[in-house]
Structure formats: C-alpha cells, structure tokens
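The values are calculated or read from the model by the stated rules, or taken from the named source; none is laboratory data. Keep in mind that this is a model prediction, so the values were computed, not measured. Because the Cβ atoms are built from the backbone with ideal geometry, glycine has one as well, and the counts that use them run over all protein chains shown.
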Amino acid sequence: MKKIIGLVLLTMILVSFLVACEAKIDSTTSKKSEIKKPEVIRIARLNAEAINLVAKEKKVFEKEFEKDGIKIEYLTFDSGSPIVEGFIAGKIDISLTGDQPILTGIGKGVPISIVGAFDGGEKNQGLVVSGRSNIKNLKDLKDKKIGLGIGTVNQHLLSIYLDKAGLKKNDVKMINLKPGDSVNALATNGVDAIISIEPFVSLAEAKKVGKLLFDGTGHKRSVIILTASNDFSKKYPEITTRILKVYNDTSIWIDENKEEAAKIIATEAKVPEELLVKISSNKKPGISLSDDDIKEFNSTINFLEQSKIINKKLKVESVYNKSFFKSAGLLDK
C-alpha cells in the first residue's frame, strides 16, 4: 500500500513539473514572438517614386501587418542622400532609392544593407538638353551648366558620359538640383542640360523644354534598391522577409495594372497618365538580386572609389544580404 501511495505521489510530482515546464516554454516562446515585432515600420520614399506611391495608396503594408498590430509610417524625401542621413539618425527602417547614396553610406560605415533590387532598365535616366543650347553630342557638354542631383545615380551617369567624350569633371559646371526642380531649371534657362530620372526625363520632353539626347542605353542600367537598417533586419528577420514579399507583389501588380497604377502616381508626380504608362513599360516587375544587379553595384563602387567619394576599399559582397531574398522564396534555385 505504501509503495502504491509513493508511486501516486511521484507521478503527481512529475506531472506538475512537466506542466510547469510547458508553461514556462509557452511563456518564453510568447515573449520571443513579441520581441520580433516592431511597433512601427518606417519606410522612406522618394517624391514621385512609383512603387511606394502605389503601396501607400493601396495600403498594402497596412493590410499585411494589421494582424500583428504593426503601424506603417511613410517619410518622403527629395533625393537619396537625406535618406541615408535618416538611417544614421535611426529614423528609417526601410527605403527604396538609387544605388549611389546607399553605397556611399555603406562605404562610410552606415549600418545598412541592400536586401533586394528592382530593375529600372537602361531608359530610366538620361541626358536632356535645352532647346536653346547647341549640345548635339557628348563632347558639346564642355563648359556647359549641367543640372543633376550631386550624390545621386545621375552623378555617376554624368561621369560615364564625360569619360565617353574624353572630358573631365572640371570641364563642366555641375548645378545641384532636386529631381523635381530639374524640368523648371531647363524651362527657365538656368542650365544647359539636365541628367535626371523618370518621370522627369519624359516630362521635360512632354513640356517641350528639352530633348533627350542620350539615356542609359549602353552606359548604365538603373537599379532601384531596397535597403534595410541592419538593426531592424537583425531584430526582425521574419518581418523583413514579409516586407520583400509585399514589395514584390506590389511591383507585379503595377505591371499588370499599368493604367490604374498611373492614375495613382499621376497626382503626386504631376505627370500625364499616358506618360507614366509608357515609362512603366521600360521596367521589369518583381524584386531581383541578380548577378547583373551586383555588377551595377560594383560599377558604382568603382566610381565612388575613383572619385574619392569614399576613402576605403569596399567589397561588393559586403553591401548586400541575400538571406531575406532567399527566405521570401524569390531567389532562383
């Protein structure tokens, strides 16, 4: 009888211990789950940038993260350099911009990484000359005033044009302009030419204030990069992966619904819808992080090093992180 009572007591103790352990595990798991969810995702976007404009209007991120109780905050910028400053200040988690500002930031030690890219194609930026100028070819750029965003991808394209023409940086006068101000600078004869991105290239031609002389064809392919703060992506890897999936789906939706997307973008971009439909046809939908993308990163890094914009040797393998791309199932097997 005593043995039976002892066995019953032992069994009760073991059961109590296992229940306590299970409760502790559940509690720990719950806490870990909470730690992996930020209160807010802060997304930096450029004026007139299509993907984030559509995402904001259609509330795709809000719908994705509503069940998690995560808020979405958009911050708008005129160019990429202030976005890098926002990362430094700890005010941005995710951004879409050209590669030069981000690679410059990484080269200067800013804790950010490229986690994905969109193929903007070779027609996404170009050299637009004023109708009043006598610029007929790249050599005619000598002694001319060129409006562009210094520190942006357009600075790299200018360097490529000058090399092709046998010219140097000091042979032209660079006028620092926000993309949105470039068309007006042409119209008011403030510059002889601009190097800008879409939709401002097409808008300059549509308003008959300039003529596209060269785009990026044979010179530079535009890569729009998705960047994440290292602090954010390390703390919230699952959330970062889901962000990639949402961006991928949004890009595909824009490609499949060009006219509806153009209506959304036109209001802020102040560009006719038909122009936006035409521009979108030059871009490939979906996120990539291909060998061609990495080749473009390397080309930009070489320019930054040769121009002394960054002072240390930057290995291209150190600027991007494919792990989230793979987790999202977006990498070709």
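Quick look at the values:
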quantity: Some residue of region 199-214 being among the charged types (D, E, K, R), in the same structural domain as S159 (by TED's automatic domain parsing) and surrounded by 19 or more Cβ atoms within 10 Å (Cβ to Cβ); calculated: no
quantity: Of all residues in region 290-320 being assigned to a loop (DSSP other than H, G, I, E, B) and polar (S, T, N, Q), the one that is surrounded by the fewest Cβ atoms within 10 Å (Cβ to Cβ); calculated: N311
quantity: All positions within region 172-186 that are touching a Lys or Arg at 6+ places or on another chain (Cβ under 7 Å) and either part of a strand (DSSP E or B) or surrounded by fewer than 18 Cβ atoms within 10 Å (Cβ to Cβ) (or both); calculated: K173, I175
quantity: Subset of region 102-135 (residues that are out of contact with any helix residue (DSSP H, G or I) (no Cβ under 7 Å at 6 or more places or on another chain), touching a residue at least 24 places away in the same chain (Cβ under 8 Å) and not in a helix (DSSP H, G or I)); calculated: K108, D119, G120, G121, E122, K123, N124, V129, G131, R132, S133
quantity: Which numbered condition S288 misses (of (1) hydroxyl-bearing (S, T, Y); (2) in contact with a Phe, Trp or Tyr (Cβ under 8 Å, 6 or more places away or on another chain); (3) within 18 Å of V153 (Cα to Cα)); calculated: (3)
quantity: All positions within region 41-80 that are modelled with pLDDT of 95 or more, among the hydroxyl-bearing types (S, T, Y) and in a loop (DSSP other than H, G, I, E, B); calculated: none
quantity: Flag for S130 being closer than 23 Å to G216 by Cα and either modelled with pLDDT of 95 or more or buried (at least 19 other Cβ atoms within 10 Å of the Cβ) (or both); calculated: yes
quantity: Hits in region 189-218 (condition: hydroxyl-bearing (S, T, Y) and assigned to a helix (DSSP H, G or I)); calculated: S202
quantity: Residues (basic (K, R) and either under 15 Å from the mean Cα position of the chain (by Cα) or in a strand (DSSP E or B) (or both)) located in region 81-94; calculated: none
quantity: Per-region count, region 143-171, residues of a type in the set (D, E) and in contact with an Asp or Glu (Cβ under 9 Å, 6 or more places away or on another chain); calculated: 2
quantity: Every residue from region 66-101 that is of a type in the set (G, A, S) and without any contact (Cβ under 8 Å) to a residue 12 or more places away in the chain; calculated: A89
quantity: Residues that are touching a residue at least 60 places away in the same chain (Cβ under 8 Å) and on the phi < 0 side of the Ramachandran plot, drawn from region 201-211; calculated: V201, S202, L203, A204, E205, A206, V209, G210, K211
quantity: Of all residues making up region 134-165, the number that are β-branched (V, I, T) and crowded, with 21+ Cβ neighbours inside 10 Å; calculated: 3
quantity: Subset of region 258-289 (residues that are touching a residue at least 24 places away in the same chain (Cβ under 8 Å), of a type in the set (S, T, Y) and either assigned by TED's automatic domain parsing to the domain that holds T152 or not in a helix (DSSP H, G or I) (or both)); calculated: S288
quantity: Any hit, region 130-140, residues being assigned by TED's automatic domain parsing to the domain that holds K308 and of a type in the set (V, I, T); calculated: no
